[in-house]
1. Just name the residue that is surrounded by the most Cβ atoms within 10 Å (Cβ to Cβ) out of those in region 131-141 that are within 11 Å of ligand 2 (Cβ to nearest atom) and over 11 Å from Ala101 (Cα atoms).
2. Select from region 157-194 the residues that are within 16 Å of ligand 1 (Cβ to nearest atom), closer than 20 Å to Ile298 by Cα and part of a loop (DSSP other than H, G, I, E, B) and list them in ascending order.
3. If I ask for residues that are outside any helix (DSSP H, G or I) and either modelled with pLDDT under 95 or surrounded by 19 or more Cβ atoms within 10 Å (Cβ to Cβ) (or both), which ones from region 206-226 would you list?
4. Quick check, is His145 of a type outside the set (Val, Ile, Thr) and touching a Lys or Arg at 6+ places or on another chain (Cβ under 7 Å)?
5. Look at Ser184 and say whether it is touching a helix residue (DSSP H, G or I) at 6+ places or on another chain (Cβ under 7 Å), outside the structural domain of Gly96 (by TED's automatic domain parsing) and away from ligand 2 (no atom under 16 Å from the Cβ).
6. Those residues that are away from ligand 1 (no atom under 16 Å from the Cβ) and either in contact with a strand residue (DSSP E or B) (Cβ under 6 Å, 6 or more places away or on another chain) or of a type outside the set (A, V, I, L, M, F, W, C) (or both), I need them from region 115-137; list them, please.
7. For region 9-36, which residues satisfy the criterion of being closer than 17 Å to Arg61 by Cα, touching a Gly at 6+ places or on another chain (Cβ under 7 Å) and of a type outside the set (A, V, I, L, M)?
8. So which residues in region 248-287 are outside any loop (DSSP other than H, G, I, E, B) and either in the same structural domain as Gly331 (by TED's automatic domain parsing) or among the basic types (Lys, Arg) (or both)?
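The values are calculated or read from the model by the stated rules, or taken from the named source; none is laboratory data. Remember, predicted model here, so these are calculated numbers, not experimental data. All Cβ positions, even for glycine, are placed from backbone atoms using ideal geometry, and neighbour counts span all protein chains on display.
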Amino acid sequence: MQQSKPTVALTLGDPAGIGPELIAKLLGDPETAKHANIVLIGDPWLWEAGQKVAGLQVATRPIASFAEARGAACGMPLFLAVDSVRPEQVETGMAGPAGGASVLKILNLCMDAVTARQIDAICFAPLNKHAMKQSGMKFEDELHHFADYLKVDSYFCEFNTLDGLWTSRVSSHIPLKDAASYLSKTRIEDASRLIYDSLKAAGVAQPRVAVAAFNPHGGDGGSCGREEIDIIGPAVASLREQGYPVEGPFPADTIFIKARDGKYDAIVTMYHDQGQIAIKLLGFEKGVTVQGGLPIPITTPAHGTAYDIAGKNLANVNATRNAFLIACRMGESYMNQPA
Ligand SMILES: NC(=O)C1=CN([C@@H]2O[C@H](COP(=O)(O)OP(=O)(O)OC[C@H]3O[C@@H](n4cnc5c(N)ncnc54)[C@H](O)[C@@H]3O)[C@@H](O)[C@H]2O)C=CC1
Ligand SMILES: NCC(=O)COP(=O)(O)O
């Protein structure tokens, strides 16, 4: 039977953060279930707690495993109960190893299910990298965990997106003092090709990609740093020789203004905050992170666990809704790819 809607897993995220209440808000909107066959996966007590904070009761239909998800599609969110963390192990607003372990367990189950074609995409509510590291995650972030779990050996990096503007990254969750050491011609070319090819695959006929500089004022002719002359410029030239019409390097403090005004579809950023400060200022309540370079679709809101407001029903659900909608679009495309 031809499926019309993708099957998308939603997770509650870090149990001490705003994830459970965000998912309650998302699923409390009757429009949400029109976009996908939704499988909410999580601990029943945590889902109850999220609904309580949000002041909502959301009807769901229980399933016993992801294998039942497609057959059970009924227009109402499905609920796959797992036992990943106990209430007494969680203190709202505090990172803890039990919360980190719960997130990893649930995301691994979701990745297995997408790989087995039982579901088509994953949208996870915010997790906490510190909690995950406390639980033993040996990587700098979840994306490196995903890539290891899925045996990815090509370039991967977070994409951030807001209103049609995308970013990719040459480095991400590393100490800022190390960012310069991550700049290499290879990584810049990889991050540029990945975003260009991904936009093309998503239907942008001629992606307009700008590459950001690293130093103030693009190094000011070499008087304020040489990375643009020695590394980034040669990477851009090499990309152009390969047929990728990327431009740059451009001073990072102004390139986002041009992109905001419609001149570019994507910016290749040299380190985390170079892109994230700009994107979050352009629309904190809208931004989405897509886990770029993975074989399966995974999205999440660009904001985090917001421990300072967790449990207070203050969290804005818009970015989570956008992350879910992008997961639906990516899931639809994944669903229609041959296995
Ligand atoms: N989607 C994900 O899984 C993400 C996870 N993180 C993780 O979250 C943790 C905390 O990161 P922070 O840098 O503190 O950023 P954060 O985004 O959690 O919080 C920064 C500030 O924004 C506010 N805020 C965040 N989301 C909000 C929302 N939906 N509505 C209203 N206010 C909101 C918070 O209250 C806080 O004052 C870290 O461990 C980080 O790695 C960060 C970004 C994305
Ligand atoms: N968990 C996704 C994530 O962390 C994306 O946000 P950012 O830390 O890369 O800004």
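1. First, the residues of region 131-141 that are within 11 Å of ligand 2 (Cβ to nearest atom): 132, 140-141.
Narrowing the set further to residues that are over 11 Å from Ala101 (Cα atoms) leaves 140-141.
On the way: Glu140: 15, Asp141: 19.
It comes out as Asp141.
2. Within region 157-194, Ser171, Ser172, His173 qualify.
3. Pro207, Val209, Ala210, Val211, Ala212, Ala213, Phe214, Asn215
4. Numbers: of a type outside the set (Val, Ile, Thr): yes; touching a Lys or Arg at 6+ places or on another chain (Cβ under 7 Å): no.
Judged against the criteria, His145 is not a match.
5. Values: touching a helix residue (DSSP H, G or I) at 6+ places or on another chain (Cβ under 7 Å): yes; outside the structural domain of Gly96 (by TED's automatic domain parsing): yes; away from ligand 2 (no atom under 16 Å from the Cβ): yes.
Yes, satisfied.
6. Within region 115-137, the first condition is being away from ligand 1 (no atom under 16 Å from the Cβ), and the residues that meet it are 115-120.
Correct list: Thr115, Arg117, Gln118, Ile119, Asp120.
7. Thr11
8. Lys258, Arg260, Lys280
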